[in-house]
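The values are calculated or read from the model by the stated rules, or taken from the named source; none is laboratory data. Computed from a predicted structure; not experimentally measured. So basically every Cβ, Gly included, is an ideal-geometry build from the backbone, and we count neighbours across all protein chains shown. Please note that ligands, DNA and RNA were not included when accessible areas were found on the heavy atoms of the full protein model with its side chains. Shrake-Rupley method; radii C 1.70, N 1.55, O 1.52, S 1.80 Å.
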Amino acid sequence: MAVRDPFGLMFSGATEAGFSPYSQAVHELQCFVGDPVGSVDRAISADPGFVMAHVFKGYLFGLATEREAMAVTQACHAAALPLAATPREQAHVAALGHLAEGRWHDAALLLEDIAIDNPLDAVALQVGHQIDFFTGNARMLRDRIGRALPSWQSGMPGYHAILGMQAFGLEEMGDYIRAESFGRQAIEIEPRDGWAQHAVAHVMEMQSRQRDGIAWMRANPEAWTKESFLQVHNWWHLALFHYDLGETDEVLKLYDGPIYGERSTLALNMVDASAILWRLYLGGVDVGDRWAALAANWAPKAGAGNYAFNDAHAMMAFVGAGLEAPVKILLEAQHEAMRGSDDNAAFTRDVGQPLTEGIKAFGEGNYSEAVRLIRPIRAIAHRFGGSHAQRDVIDLTLIEAALRAGDTALAWALTAERALVRPDSPLSALFSQRAANLSEN
C-alpha cells in the first residue's frame, strides 16, 4: 500500500484517503496557516501505517521548542520506526529520531542528504530550513534551498514556499536585493505565505527602511493574518519598524492587540512579546503591568532548560517584572542543561548562559557587568539560533549598558559601528548623540 505524489515521491502505507489530509497539512505548514496537526492526525487515522504522516507530526512538535512537545515527537518516532518505509522515508525517521533527542545538527545533516538526493522533497527542505533557523545557520538557510531550486519551477505545488525560504536565506546572508525579489515573487503566487511575507520584512528591517516596511506589512494584513500561526511574529516585525521610528504608542498598541493581547502561553509567541517589551525597557519606557502578565506565563517554563534562545527571553520578562524566584529556577535549569549531551548544552554554554546572566545584571543596574558578560558573545550569538533581527536585541542591550555604565570609549565604538551598519536608522542617530553627550560630560 503506497501513494506516489505529483513529484514522483513514494509514500509508504498511504491511501488516497490518508494522503489527501497529509497534503493539506504540508500546504498548511508551507503557508503557516490552519491546523496542520489536525490535518495530519486525520491522515494517521485514515492510514495508521502511513510512515511519513507520523514523521510529519513529529516534526511539527519537534520544531515547537517546547519541552512538553518533545514527548509527542518521541512518540511519533516510536510509531514510525516499525513501519514499512522506503530508504528516503527511513532517513526521515532517523532525522526525526535525532530531533526527538535534541540533536538538531544531526537532524539537519540527514535532511540535507535527503534533499540532495530528492530535491523535490518539500518536507525535507522546509524542516531542514526551520532547523537551520533554530540553530542560526545562515549559510544553510540559503544553500539548502539554493541547491534544490533548479529542480523547481513555476506551477509546481508549493513553489511559493521554496521561493519564500530562499528569500529568507538570502536575507540572512546579506543578499538583500535578491531576497526581496524572491519574497515578493512568492507572495504574488501565494499571498498567505507568512514565511515569504516575513522574509521581505526582514530585508526592510536590515536596511532600516521603516516606512517601506510599515507599508509592506499594512498593505494586505488579511492575507498574512487569517488563520496564521506566524501572525504574532509578523505583527512583531511591524512593531519593530515603529520602534525604530520612536513611535512608542504604536508599538504598545500592537503589543496590546495582535502581539500579546491574547496572552499566549506558546514560547514562540512569548519570545516576540519579551523581545519588544525589552526594547522598550532599554529605552526607559514605562510599560505598566505588561511585564507582570508576561512573566506569569513564562514562569512555568523557567525550569524547562531545553532551548537557550527561549531562556534569554524568559529572563527578560522576569527582570522586567522584578521577579527573583523564577530567575533562580531558570539559571539552575541552564546549569543542568550544560551538563546534557544534546545540542542545547552547547547553545546554553556558548551563548545562552552568559546572555541570561548579562540580562540579569542589566536589570540589577550592574551595567559594567552586563557589558563584561554580553560583549564576548556577540560574534558567536548565532550559535543559539534566531535571525539577525531577533539577535539585534543583544547589540541593543550591550550599547545601552555601555552608555549607562559611562564607558565613553566603548559607547563611541559601538554607536559608530551601528551607524555604519544602519546609517538610516533613527535609533542609530539617537545612540550616536547619546555617546557624544557622554563624552562631553
- request: Rounded to the nearest Å, what's the spacing between the alpha carbon centres of region 178-200 and region 86-134? Just the number, please.
  value: 24 Å
Alpha-carbon centroids, region 364-441 and region 41-83: separation in whole Å: 43 Å
- prompt: Percent of accessible area on the chain owned by carbon and sulfur, 1.4 Å probe?
  reply: 53 percent
message: Taking the alpha-carbon distance from K301 and a cut-off under 20 Å, which lysines remain once sequence neighbours fewer than 8 residues away in the same chain are dropped?
response: K328, K360
query: What size of dipole, in debye to the nearest 20, comes out for the chain about its Cα centre when the only charges are +1 on Lys and Arg C-beta atoms and -1 on Asp and Glu C-beta atoms?
result: 400 debye
- request: Amide H neighbours of V33 under 5 Å, at least 5 residues apart or on other chains, H built in the peptide plane: list them.
  value: F229
task: Provide the per-residue ³J(HN,Hα) series for region 254-271, in order, calculated from phi with Karplus coefficients 6.51, -1.76, 1.60 and θ = phi - 60°, each as a whole number of Hz, with x at glycine and proline positions.
output: 5, 4, 6, x, x, 7, 9, x, 8, 6, 4, 9, 6, 4, 4, 7, 5, 4
- prompt: Do any GluC sites (Glu not before Pro) in region 196-262 lie in a DSSP loop with no more than 10 other beta carbon atoms within 10 Å, and if so, which?
  reply: E262
statement: To the nearest 20 debye, region 325-395 has a Cα-centred charge dipole, built from +1 on Lys and Arg Cβ and -1 on Asp and Glu Cβ, of 140 debye
- prompt: Taking region 301-343, which GluC sites (Glu not before Pro) meet the DSSP loop condition and have no more than 12 other C-beta atoms within 10 Å?
  reply: E324
- line: With Cα springs under 10 Å, the Gaussian network model of the chain assigns the largest mean-square fluctuation among L125, L109, L268 to L109
query: Once Kirkwood radius over Cα pairs in Å is worked out from the coordinates, which option in [x] 24.7; [y] 21.6; [z] 22.4 does it equal?
result: [z]
message: Cross-link candidates for K253: which aspartates and glutamates have Cα within less than 17 Å, leaving aside residues fewer than 8 places away along the same chain?
response: D244, E262, D272, D286, D289
field: Degrees separating the helix 308-321 axis from the principal Cα axis of the chain, which is the longest one
entry: 40 degrees
- request: With springs connecting C-alpha atoms under 10 Å apart, model the chain as a Gaussian network and identify which of L398, L355, L254 has the largest mean-square fluctuation.
  value: L254
statement: For the chain, the per residue accessible area (1.4 Å probe, Å²) is 38 Å²
